[in-house]
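For reference, the structure is listed below as structure tokens.
The values are calculated or read from the model by the stated rules, or taken from the named source; none is laboratory data. This one's a predicted model, so the numbers in the text were calculated from it and none came from an experiment. Ideal geometry is used to build each Cβ from the backbone, glycine not excepted, and the neighbour counts take in all protein chains shown. The accessibility values were calculated without ligands, DNA or RNA, using every heavy atom of the protein model including side chains. Shrake-Rupley method; radii C 1.70, N 1.55, O 1.52, S 1.80 Å.
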Amino acid sequence: MQQQSAQLRWEQHTQRPLLGLALAFAVAYAVPIVRPDASRDVVEVCTAVEWVVWGAFALDYLIRLALAEQRLRFVRTHWLDLGAVLLPVIQPLRLLRLVSTLLLVGQRARMASQIRLTTYVAGAVVGLLMFGSLAVLSVERDSPDGNIRTLGDAVWWSFTTMTTVGYGDHAPTTGLGRMLAVGLMLSGIALLGVVTANIAAWFIARFEKDDVEERRQTEAIRELTEEVRALRGELAALKGTSVE
């Protein structure tokens, strides 16, 4: 129990710093894509920042594993964290570092009890739009047959893909680009399902609350009616006694 408490304390204390590092990763990932003419030094600094952020998340996972009371159970229940940590090591591509960081940030954000569902969904939408746009621009900009050449094209494509509208004016032509499209479409459908379920749950809870209030008022009226009948009976008895 003491070790588990130490793990929880570690997760609470490191959540905000890790989210800050994730924002630094977002900037480092975006700069070379938005500014393809950036100097070599800038690109190397951005790459170093990406690896530092990934290393921080990897170290965080190892510390949480060390503090866990049942380490085997921790690995089984946090297999997505482990996969995200190992993903960039298997094939050090910038896109895989992007995917792993998104997964790790999402896992840590869900552990925070103070983050409400609406905030999480909104953050997920913004994050997917931003990173999806940057990722598809990085793999499609140099494609001979591609038509996603600017950041504006990429953002428009990401938005239409996530909402499953798909106008078709911009579409990926590379294998990685199409994989990103599939991921964005599935993510958009999942987020839409979460929002729909949340709204439906709110309406159901509201209707149940109204039903409970209506039943309470009905019960109060019934009790009041019984009291009035009892008082009438007592009043009639009193009148009969006075007449006698």
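Just one of (1) open to solvent by 70 Å² or more (accessible area, probe 1.4 Å); (2) in contact with a Gly (Cβ under 9 Å, 6 or more places away or on another chain) trips up LEU186, so point out which.
(2)
How many residues are open to solvent by 50 Å² or more (accessible area, probe 1.4 Å) and in a loop (DSSP other than H, G, I, E, B) when one looks only at the stretch 125-165?
Going through the stretch 125-165 one residue at a time, the tally reaches 10.
Based on what the data block shows, is ARG9 surrounded by fewer than 12 Cβ atoms within 10 Å (Cβ to Cβ), in a helix (DSSP H, G or I), within 20 Å of the chain's Cα centre (by Cα) and of a type in the set (Lys, Arg)?
In short, no.
Residue check: is ARG215 farther than 23 Å from PRO32 by Cβ, modelled with pLDDT of 80 or more and of a type outside the set (S, T, N, Q)?
Here the answer is yes, as ARG215 does meet what is asked.
Six or more apart or on different chains, Cβ under 6 Å: which pairs go from a residue in the stretch 220-244 that's at positive phi to one that's at pLDDT 80 or above? Could you list them?
Correct list of pairs: empty, since none qualify.
List the residue pairs whose Cβ atoms are under 6 Å apart, where the first residue sits in the stretch 190-204 and is aromatic (Phe, Trp, Tyr) and open to solvent by 60 Å² or more (accessible area, probe 1.4 Å), the second is part of a helix (DSSP H, G or I) and at pLDDT 80 or above, and the two are 6 or more positions apart or on different chains.
From the stretch 190-204, no pairs qualify.
Can you pull out the residues in the stretch 24-57 that are assigned to a helix (DSSP H, G or I), farther than 23 Å from LEU82 by Cβ and of a type in the set (D, E, K, R)?
Across the stretch 24-57, the qualifying residues are ARG40, ASP41, GLU44.
All but one of (1) modelled with pLDDT of 75 or more; (2) polar (S, T, N, Q); (3) surrounded by 13 or more Cβ atoms within 10 Å (Cβ to Cβ) hold for THR101; state the number of the condition that does not hold.
It fails just one condition, (1).
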